[in-house]
Amino acid sequence: MLEELDSQTEDIGKKLEAEPPLPIRRHEDEVYEWLENVERIKIRIQTIEQLGERKYLSRAHLVKLVDEKIGEVKELLQKGSLYSEISTKKQFKYVIIGGGVAAGYAAREFVKQGLKSGELAIISKEAVAPYERPTLSKTYLFPEGAARLPGFHVCVGSGGERLLPEWYVKKGIELILSTEIAEADLHSKTLTSSTGRTFEFQTLIIATGSRVIRLTDFGVQGADAKDIFYLREISDADELVEAIRAKKKGKVVIVGGGYIGLEVGAAMRINQFDVTMVYPESWCMPRLFTKEIAAFYEAYYANKGIKIIKGTVAVAFDADTNGEVKAVKLKDGRVLQADIVVVGVGAKPLTELFKGQVDEEKGGIRTDGMLETNVPDVYAVGDVATFPLKLYNDMRRIEHVDHARKSAEQAVKAIRASEEGKSIEVYDYLPYFYSRVFDLSWKFYGDNVGDPLMFGDKNPASGKPKFGTAWIKNGKIVGVFLEGGTDEENKAIAIMARVQPPAEYLDQLKKEGYFIA
C-alpha cells in the first residue's frame with residue numbers, strides 16, 4: 001500500500017508542478033494538505049517499524065498500531081485516487097447526462113446504430129445502471145413477489161432485452177455512476193462533476209429527468225421528520241421498504257392524489273397498512289381524469305378500505321422524541337395519526353445546469369422535432385424536453401416513461417442521421433399514459449381536451465369493470481381512455497387517438513365499445 005501511495009504522490013506532485021488543470025486548482029489547498037498527511041503517515045510508519053525492530057513495543061501494541069496505520073493509509077489512498085481522477089480529463093464522442101430510463105434506451109439505440117467501443121459514456125448520480133423507474137411505485141413495494149434488480153433494468157419495460165451492467169461493459173459503454181455533474185459548459189463542451197472530474201464531449205444528450213418537489217421546499221413545519229418519504233430513485237424505494245418492514249400494519253398518510261399517491265396508496269394497502277390519502281383537488285389525477293373517471297377510482301379505493309380526504313393540504317407534522325413522524329396536521333384542522341408518510345406532490349425538471357445556455361419553454365428545454373436544442377450537438381429528452389407535438393401542432397413537455405423511451409431513441413437516430421448526412425422523420429409522438437393498481441389497469445392515448453363522453457360498466461363493485469371515455473374536439477375524437485381493456489382493445493384505442501375519427505362514430509362506439517377502432 002505504501003508503494004501505491006508513493007505512486008499517487010508522485011503523480012499528483014507532477015500535476016501540481018505543471019500548470020494544474022481547473023479541477024486541481026479548485027481543490028489545491030486540500031491536495032497540499034493530503035500531501036502533508038502522506039508524509040506524516042510515512043514518518044509515523046517508519047517510527048513504528050524502528051520501535052518494533054528494537055522490541056520497544058509489545059506484540060499486541062505493535063499489531064494495534066499497525067492496524068491503525070493501515071486504516072489511515074487506506075483512507076489516504078482513497079482520497080488520493082479521487083485527486084488523480086479529477087485531474088484527468090475524459091473525452092467521449094457521446095455523453096448522456098442522467099442515468100434513468102432515457103439513458104438506457106438511448107444506449108441501446110446507439111448500439112443498434114453501430115456504436116464503437118469507447119465512444120459513449122453515461123454519467124449518473126445514481127449508483128446503479130439504468131432501470132425501469134415505474135416499478136418503484138408498484139411491485140417493488142409488494143409484500144410478496146416484489147421486484148428487485150437486476151429484474152427490471154431497462155429495457156424490459158417495453159418487452160426488450162434486459163441491459164445488465166455487464167452489457168454496457170461488453171458494448172464498450174462507460175457507466176460513470178455515483179457522479180453528480182455540478183457544472184456544464186456547452187460552449188466548451190465540458191462537464192465538471194461535484195468532485196472536480198471533467199468530461200469532454202462532441203455530442204451531448206441531456207436526460208437529467210426531474211426531482212421530486214418536497215414539502216420542505218415550502219417550509220412546511222416538521223416536514224423534515226423521519227419516516228416522511230418521497231419516491232424517485234431506487235434508494236428512496238429501499239428506505240420505504242425498510243419502513244414498511246419496521247412499521248408493519250401501521251398507519252400511512254399519502255400526501256397527493258396523482259400517480260405516486262394512487263400507486264403507493266394501493267401498494268401500502270396491499271401491505272395491510274391503514275391508508276389515508278390527502279390531496280387539495282376536488283378529485284384525484286385532475287390533470288388527466290374527469291370528475292366521473294376519478295369517482296370510479298375513489299369509490300374503488302374506498303371499497304378497499306382506503307380513506308380519502310379531499311380539498312385540504314398538510315400544513316405541519318408532529319414527531320416523537322426520536323424525530324419519527326407521528327401525526328399530520330391538515331389545513332382544515334384535522335389531525336391524522338401516522339407511522340409513515342409518503343409525499344407525491346409533483347416533480348420539477350432538472351434544467352438548472354443549462355440555464356442561460358439553452359432556450360427554454362414551458363418549464364423545459366426547447367427542442368426541435370429531432371430533440372436537438374438551439375445549441376448544436378446538444379439534445380434533450382424525457383422530462384426536461386419541451387418538443388413540437390406534431391399531432392396537435394403544439395409545444396409540449398411530457399413527464400412519462402413512454403416519452404422518455406421514445407424521445408431517447410429519436411434523439412440517437414437524429415444524431416446518427418446528421419453524422420451520415422441523412423434525413424429522418426420528425427418526432428411524431430402520441431401521448432400515452434397508463435397505470436396498474438390492485439386488479440385495475442387503465443390506458444390513455446391522445447389529448448384530454450374538448451367534451452368527454454363516458455360509457456361502459458363504471459360500477460366499482462363490479463367483478464371486472466370496463467369503461468371508457470372519449471374526448472371530442474372540433475367534431476373529432478382526440479383522446480381515448482379505457483379501464484380493463486384487452487391487449488387488442490388497447491391497441492385499438494391507440495389507433496383511434498392517432499386517426500381521430502369523426503365523432504359521428506360515437507353512436508356505434510357506445511353500442512360496440514372501443515373495439516371498433
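The values are calculated or read from the model by the stated rules, or taken from the named source; none is laboratory data. Because the structure is a prediction, the values reported are computed rather than measured. Positions of Cβ are generated from backbone atoms using ideal geometry, with glycine treated the same way; all protein chains shown enter the neighbour counts. SASA here: full protein model, heavy atoms, side chains in, ligands and nucleic acids out. Shrake-Rupley method; radii C 1.70, N 1.55, O 1.52, S 1.80 Å.
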- line: The ³J(HN,Hα) series, computed from each phi in segment 158-171 with the Karplus coefficients 6.51, -1.76 and 1.60 at θ = phi - 60°, rounded to the nearest Hz and given as x for glycine or proline, is 10, x, x, 5, 7, 8, 6, x, 5, 4, 5, 4, 4, 8
Protection proxy ranking of 161-170, 133-142 - average other beta-carbon atoms within 10 Å, highest first: 133-142, 161-170
statement: Lys and Arg at +1, Asp and Glu at -1: neighbours of residue 176 with Cβ under 9 Å from its Cβ sum to +1
- request: Pop out the ³J(HN,Hα) list for segment 101-117 in order, Karplus 6.51 cos²θ - 1.76 cosθ + 1.60 with θ = phi - 60°, rounded to Hz; leave Gly and Pro as x.
  value: 4, 4, 4, x, 5, 5, 4, 4, 5, 4, 5, 4, 8, x, 4, 9, 4
- prompt: Counting only residues 5 or more places away or on other chains, whose amide H sits under 5 Å from the amide H of residue 312 once H atoms are built in the peptide plane?
  reply: 279
task: Starting at the first residue of segment 120-132, write each ³J(HN,Hα) from the Karplus equation 6.51 cos²θ - 1.76 cosθ + 1.60 with θ = phi - 60°, in whole Hz, x for Gly and Pro.
output: 10, 10, 10, 10, 10, 7, 7, 9, 10, 5, x, 9, 7
message: What's the ranking of 111-117, 202-208, 284-290 by average number of surrounding C-beta atoms within 10 Å, highest first?
response: 202-208, 284-290, 111-117
statement: Around residue 101 (Cβ within 9 Å, Cβ-to-Cβ, excluding residue 101; K/R +1, D/E -1) the net charge comes to +1
message: Using amide H atoms built in the peptide plane, which far-off residues or other-chain residues are under 5 Å from residue 210 H to H?
response: 350
message: List the GluC sites (Glu not before Pro) within segment 225-303 that DSSP assigns to loop and that have no more than 16 neighbouring Cβ atoms inside 10 Å.
response: 281
Accessible area expressed per residue, the chain, with surrounding protein chains retained (probe 1.4 Å, Å²): 48
statement: Simple spin-label estimate for residue 249/residue 148, 7 Å along Cα→Cβ, in nm, reads 2.4
query: Which loop chymotrypsin sites (Phe, Trp or Tyr not before Pro) in segment 179-261, with loop taken from DSSP, have no more than 11 other Cβ atoms within 10 angstrom of their Cβ?
result: none
- request: Find how many whole Å separate the alpha carbon centroid of segment 149-208 from the alpha carbon centroid of segment 370-413.
  value: 18
- line: Taking alpha-carbon centroids only, segment 437-456 lies from segment 238-281 a number of Å equal to 24
- prompt: Just how many pairs of Lys in segment 176-266 have C-alpha atoms closer than 20 Å, counting pairs that are eight or more places apart or on different chains?
  reply: 4
field: Cross-link table 326/355; 170/491; 125/406; 443/473, entries beyond 29 Å C-alpha to C-alpha
entry: 326/355; 170/491
message: Can you compute the modelled spin-label distance between residue 211 and residue 291, with each label point 7 Å from Cα toward Cβ, in nm?
response: 3.8
Accessible area of residue 190 in the full protein assembly, 1.4 Å probe (Å², nearest 10): 20
field: Using alpha-carbon coordinates, inclination of helix 28-53 to the longest axis of the chain, degrees
entry: 50
Where a label projected 7 Å from the Cα of residue 202 along Cα→Cβ would reach, residues of segment 139-179 with amide N under 13 Å: none
Percent carbon-and-sulfur accessible area, segment 286-341, ignoring ligands, DNA and RNA, probe 1.4 Å: 49
message: Run the Debye formula on the Cα coordinates of the chain, all scatterers equal and no solvent, and tell me log10 I(q)/I(0) at q = 0.08, 0.10 1/Å.
response: -0.64, -0.93
statement: FRET efficiency for residue 72 and residue 112 from the Cβ-Cβ distance with R0 = 56 Å, rounded to 0.05, comes out at 0.70
- request: Would you mind telling me the share, in percent, of accessible area of segment 359-447 contributed by carbon and sulfur at probe 1.4 angstrom?
  value: 43
field: On Cα atoms only, tilt of 291-303 relative to the major axis of the chain in degrees
entry: 70
field: Cβ-based net charge around residue 214, under 11 Å, with every Lys or Arg adding one and every Asp or Glu removing one
entry: +1
- prompt: When Rg is the radius of gyration of the Cα atoms in segment 134-188 and Rh is its Kirkwood radius, what does Rg/Rh come to?
  reply: 1.12
- request: Would you grab the residues whose amide H sits under 5 Å from the one on residue 326? Only those 5+ places off in sequence or on another chain, please, with H modelled 1.01 Å from N.
  value: 318, 319, 320
statement: Once the in-chain neighbours fewer than 8 apart are removed, the aspartates and glutamates whose Cα is under 19 Å from residue 466 read 292, 298, 439, 457, 483, 487, 488, 489, 507, 512
- line: trypsin sites (Lys or Arg not before Pro) in segment 407-482 lying in a DSSP loop, each with at most 14 other Cβ atoms within 10 Å of its Cβ, come to 422
- line: Expressed to two decimals, segment 149-295 has a Cα Rg over Rh, using the Kirkwood radius, of 1.04
message: On the Cα set of segment 178-237, report Rg and Dmax in Å, please.
response: 16.2, 46
message: Can you tell me the length gained on complete extension of the stretch residue 491 to residue 357, counting 0.36 nm per residue apart and subtracting the Cα distance?
response: 44.2 nm
- prompt: Where does helix 234-246 land angle-wise versus the long Cα axis of the chain, in degrees 0 to 90, nearest 10?
  reply: 80
message: I'd like the carbon and sulfur percentage of the solvent accessible area for segment 115-172, probe radius 1.4 Å, heavy atoms only, ligands and nucleic acids excluded.
response: 52
